[in-house]
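Everything below concerns the one structure shown next.
FYI, it's all coordinate maths here, none of it is from the lab. The model shown is predicted, which means the values in this text are computed figures rather than measured ones. Note that we place each Cβ from the backbone using ideal geometry, even for glycine, and neighbour counts take in every protein chain shown.
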Amino acid sequence: MAASTAARHFDAGFYRRFYLNPKTRVVTPAEMARRADLVAVFVRHGELPVRSILDVGCGLGLMREQLLRHFPRARYVGLEVSDYLCAKHGWTQGSVATFEAERPFDLVICYDVLQYLDARRAGAAIRNLARLCEGVLHFGVLTQEDWELYCDKRRTDRNVHVRPAAWYRRRLGRSFINAGSGMFVRRGAPIHLWELDQVEVLRSRRP
């Protein structure tokens, strides 16, 4: 959706339904804290110094506290398109497809964001992530396979664009190495990945 539409779509009611109401929420704060732990363990295992963190589509900031526990000296930037959240939490307002920074970030989080963008904007967002990230990208998105096979459709927002996972892998692969579990290492970053640390997709459901 366009940035202006998204800014209105992601209002207080959206976050009450999908993040705050225990009966309808899609994730819990504990789940997101564990995800932050996963990211931190991967980054620290690779001995990548983290001085800056960009959290794209940071929402309620459910990963912020835990990330800063792991990287207390890092500068954290939460990027959001939502008027409501930027006013409430003071996040930086902008779109992942067009956001610019003076220098790239060591760690970038982009979780459950790109399904809200059409193909043109999503492609632009992935190219921009390559400019914004010089270390590790943690990337997650609702794919067509997830929609058909895994997700709870009663709780999942249907106002999205679902694309095959291969669509994302192909575009991310131009600038990132897929290390599994949503971890992508920027090509040229000072992290060594052994051959079996890198993901080879053996099953292709769609071209």
Checking rank on 47-53, 21-27, with mean other Cβ inside 10 Å and highest first, the result is 47-53, 21-27
Rounded to the nearest 5, the percent of DSSP beta bridges in the chain running antiparallel is 30
Dividing the mean separation of Cα pairs under 8 Å (6+ apart) by the residue count of the chain yields a relative contact order in percent of 19
Per the helix-only model, the chain has a calculated mean residue ellipticity at 222 nm (DSSP H runs of ≥4, -39500 (n - 2.57) each, divided over all residues, rounded to the nearest 500) of -9500 deg cm²/dmol
Expected unfolding gain across residue 45-residue 68 under the 0.36 nm per residue rule, minus the alpha-carbon gap, is 6.6 nm
Rounded to whole angstroms and listed largest first, the alpha-carbon spread of the stretch 13-98 along its three principal axes comes to 40, 31, 21
Projected convex hull area of the chain, Cα atoms, direction-averaged, in nm², equals 11.3
Burial-style ranking of 186-193, 172-179, average other-beta-carbon count within 10 Å with highest first, yields 172-179, 186-193
FRET efficiency (residue 12, residue 103; Cβ distance; R0 45 Å; to 0.05) is 0.85
Semi-axes in Å, largest first, for the stretch 90-189 (Cα gyration tensor, √(5λ)) are 23, 16, 12
